[in-house]
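Q: Questions regarding the structure given below will be posed in turn.
The values are calculated or read from the model by the stated rules, or taken from the named source; none is laboratory data. Keep in mind that what you see is a predicted model, and the values were worked out from it rather than measured. Backbone-built Cβ (ideal geometry, glycine too); neighbour counts: all protein chains shown.
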Amino acid sequence: DGGITQSPKYLFRKEGQNVTLSCEQNLNHDAMYWYRQDPGQGLRLIYYSQIVNDFQKGDIAEGYSVSREKKESFPLTVTSAQKNPTAFYLCASSTGLAGGGRQFFGPGTRLTVL
Amino acid sequence: AQTVTQSQPEMSVQEAETVTLSCTYDTSENNYYLFWYKQPPSRQMILVIRQEAYKQQNATENRFSVNFQKAAKSFSLKISDSQLGDTAMYFCASLPYNNNDMRFGAGTRLTVKP
């Protein structure tokens, strides 16, 4: 089946630790995205990548880092510099603007800082 | 930067009735896409409907249709013959043609009552 997978589904972190959230897609999409969702708010863009080895900051990139070494993978690292990391994280991919802009979403990872 | 506003945090509708969710947006772009996404309790984001701003005709997908008023920057979603499975958070989003910066509203929680 084609789609986007995120792991783990639930993640617990102690304060001061870095953690990495996994996102993999087999849709052959060029563009990939990371969003953060907090209660009562919509999705906010953390980072996006339009092509391998290239990525751009979104509105709330501080305290996060990404890499795009392979087309299929776009891992997100939540660093200790992120002051309030407890949230639901969604990864998405798309064929880009030429494909009509539609983004396909993974099932999400719930991160809780203990 | 674009902004998207959903002024109805919560709504409810009786099964088989019709409901309309409101969305307004602000953009300086002339060409853009507009989307409605559904997020059921599973938290999986699902595309409901998409509209291209240059098209005057309102998009329709089965029981879902939009009322797109470009001059008023309004993009409402109408759900006809509401079903229990329509219970979800609904997010309105906009995406300019020239970049990947998709903006989401804060969402409307819709409950369909039997």
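Q: Within the stretch A:13-23, is even one residue basic (Lys, Arg) and over 24 Å from B:Ala106 (Cα atoms)?
A: At the first step, the residues of the stretch A:13-23 found to be basic (Lys, Arg) are A:13-14.
From the residues that got through so far, the ones that are over 24 Å from B:Ala106 (Cα atoms) too are A:13-14.
Checking the stretch A:13-23: at least one residue is basic (Lys, Arg) and over 24 Å from B:Ala106 (Cα atoms).
Q: OK, next. State all residues of the stretch A:50-67 that are within 11 Å of chain B (Cβ to nearest Cβ) and either among the charged types (D, E, K, R) or under 10 Å from the mean Cα position of the chain (by Cα) (or both); if no residue qualifies, say none.
A: The answer is A:Lys57, A:Asp59.
Q: Separate question: Of everything in the stretch A:57-88, what is farther than 24 Å from A:Arg13 by Cα and either modelled with pLDDT under 95 or loosely packed, with under 15 Cβ neighbours inside 10 Å (or both)? Give them in sequence order. Step through it out loud before you land on a result.
A: Taking the stretch A:57-88 and keeping what is farther than 24 Å from A:Arg13 by Cα, we get A:69-72.
Of everything in the stretch A:57-88, those that are farther than 24 Å from A:Arg13 by Cα and either modelled with pLDDT under 95 or loosely packed, with under 15 Cβ neighbours inside 10 Å (or both) turn out to be A:Glu69, A:Lys70.
Q: In the stretch A:67-114, which residues are in contact with a strand residue (DSSP E or B) (Cβ under 9 Å, 6 or more places away or on another chain), of a type in the set (D, E, K, R) and under 18 Å from A:Val19 (Cα atoms)?
A: Within the stretch A:67-114, A:Arg68, A:Arg110 meet the criteria.
Q: Before we move on, is B:Glu15 in contact with a Pro (Cβ under 8 Å, 6 or more places away or on another chain) and more than 11 Å from every other protein chain (Cβ to nearest Cβ)? Spell out the reasoning first.
A: Details: in contact with a Pro (Cβ under 8 Å, 6 or more places away or on another chain): yes; more than 11 Å from every other protein chain (Cβ to nearest Cβ): yes.
Taking the combined requirement at face value, the residue satisfies it.
Q: Restricting to the stretch B:1-21, name every residue that is part of a loop (DSSP other than H, G, I, E, B) and of a type in the set (Asp, Glu).
A: Residues satisfying the conditions are B:Glu15, B:Glu17.
Q: With respect to B:Lys73, is the statement that it is more than 21 Å from A:Arg102 (Cα to Cα) and not β-branched (Val, Ile, Thr) true?
A: Against the criterion (more than 21 Å from A:Arg102 (Cα to Cα) and not β-branched (Val, Ile, Thr)), B:Lys73 does not qualify.
Q: Name the one entry in B:Thr27, B:Thr20 that is under 24 Å from B:Thr111 (Cα atoms), touching a residue at least 24 places away in the same chain (Cβ under 8 Å) and either surrounded by 13 or more Cβ atoms within 10 Å (Cβ to Cβ) or among the aromatic types (Phe, Trp, Tyr) (or both).
A: Values: B:Thr27 fails: under 24 Å from B:Thr111 (Cα atoms).
Going through B:Thr27, B:Thr20 in turn, just one is under 24 Å from B:Thr111 (Cα atoms), touching a residue at least 24 places away in the same chain (Cβ under 8 Å) and either surrounded by 13 or more Cβ atoms within 10 Å (Cβ to Cβ) or among the aromatic types (Phe, Trp, Tyr) (or both): B:Thr20.
Q: Please indicate, with yes or no, whether at least one residue in the stretch B:40-57 is surrounded by fewer than 12 Cβ atoms within 10 Å (Cβ to Cβ), more than 13 Å from every other protein chain (Cβ to nearest Cβ), farther than 18 Å from B:Arg109 by Cβ and not small (Gly, Ala, Ser). Write out each step before concluding.
A: Step one: list which residues in the stretch B:40-57 are surrounded by fewer than 12 Cβ atoms within 10 Å (Cβ to Cβ), which gives B:41-42, B:54-57.
Pick out the ones that are also more than 13 Å from every other protein chain (Cβ to nearest Cβ) and you get B:56-57.
Imposing the further condition that a residue be farther than 18 Å from B:Arg109 by Cβ reduces the set to B:56-57.
From what's left, not small (Gly, Ala, Ser): B:56-57.
Yes, the conditions are met somewhere in the stretch B:40-57.
Q: I've got another one for you. Out of the residues in the stretch A:72-85 that are away from chain B (no Cβ under 14 Å), free of Cβ contacts under 8 Å to residues at least 60 places away in the same chain and within 14 Å of the chain's Cα centre (by Cα), state the one that is nearest to A:Gly3 (Cα to Cα). Write out each step before concluding.
A: First, pick out the residues of the stretch A:72-85 that are away from chain B (no Cβ under 14 Å): A:72-73, A:75-85.
Right, trim to free of Cβ contacts under 8 Å to residues at least 60 places away in the same chain and you get A:72-73, A:75-77, A:81-84.
Okay, now just the ones that are also within 14 Å of the chain's Cα centre (by Cα), so A:72-73, A:75-77.
Details: A:Glu72: 11, A:Ser73: 12, A:Pro75: 16, A:Leu76: 18, A:Thr77: 22 Å.
The residue in question is A:Glu72.
Q: Taking the stretch B:67-81 on its own, how many of its residues are buried (at least 21 other Cβ atoms within 10 Å of the Cβ) and either over 14 Å from B:Lys38 (Cα atoms) or within 14 Å of chain A (Cβ to nearest Cβ) (or both)? Let's see the steps before the verdict.
A: Narrowing the stretch B:67-81 to residues buried (at least 21 other Cβ atoms within 10 Å of the Cβ): B:75, B:77, B:79.
If we keep only those that are either over 14 Å from B:Lys38 (Cα atoms) or within 14 Å of chain A (Cβ to nearest Cβ) (or both) too, we end up with B:75.
Of the residues in that region, 1 qualify.
Q: Still on this model: Just a yes or no: is a residue in the stretch A:32-51 of a type in the set (Ser, Thr, Tyr) and touching a Pro at 6+ places or on another chain (Cβ under 8 Å)? Break it down stepwise before answering.
A: Looking only at the stretch A:32-51, we keep the residues that are of a type in the set (Ser, Thr, Tyr), and these are A:33, A:35, A:47-49.
Going one step further and asking which of them are touching a Pro at 6+ places or on another chain (Cβ under 8 Å), we end up with none.
No - not one qualifying residue is present in the stretch A:32-51.
Q: I need a count of the residues in the stretch B:82-98 that are exposed (fewer than 14 other Cβ atoms within 10 Å of the Cβ) and within 14 Å of another protein chain (Cβ to nearest Cβ).
A: 1
Q: Of the conditions (1) of a type outside the set (Lys, Arg); (2) more than 14 Å from chain B (Cβ to nearest Cβ); (3) over 27 Å from B:Met89 (Cα atoms), A:Ser7 clears all except one; give me its number.
A: (3)
Q: Among the residues of the stretch A:6-16, is any polar (S, T, N, Q), part of a strand (DSSP E or B) and modelled with pLDDT under 95? Walk me through how you get there before you give the answer.
A: Keep residues of the stretch A:6-16 that are polar (S, T, N, Q), which gives A:6-7.
If we keep only those that are part of a strand (DSSP E or B) as well, we get A:6-7.
With modelled with pLDDT under 95 added as a condition, the list becomes A:7.
The answer is yes; a qualifying residue exists.
Q: Count, please, the residues in the stretch A:28-49 that happen to be farther than 15 Å from A:Thr112 by Cβ, within 14 Å of chain B (Cβ to nearest Cβ) and at pLDDT 90 or above.
A: Number of matching residues: 14.
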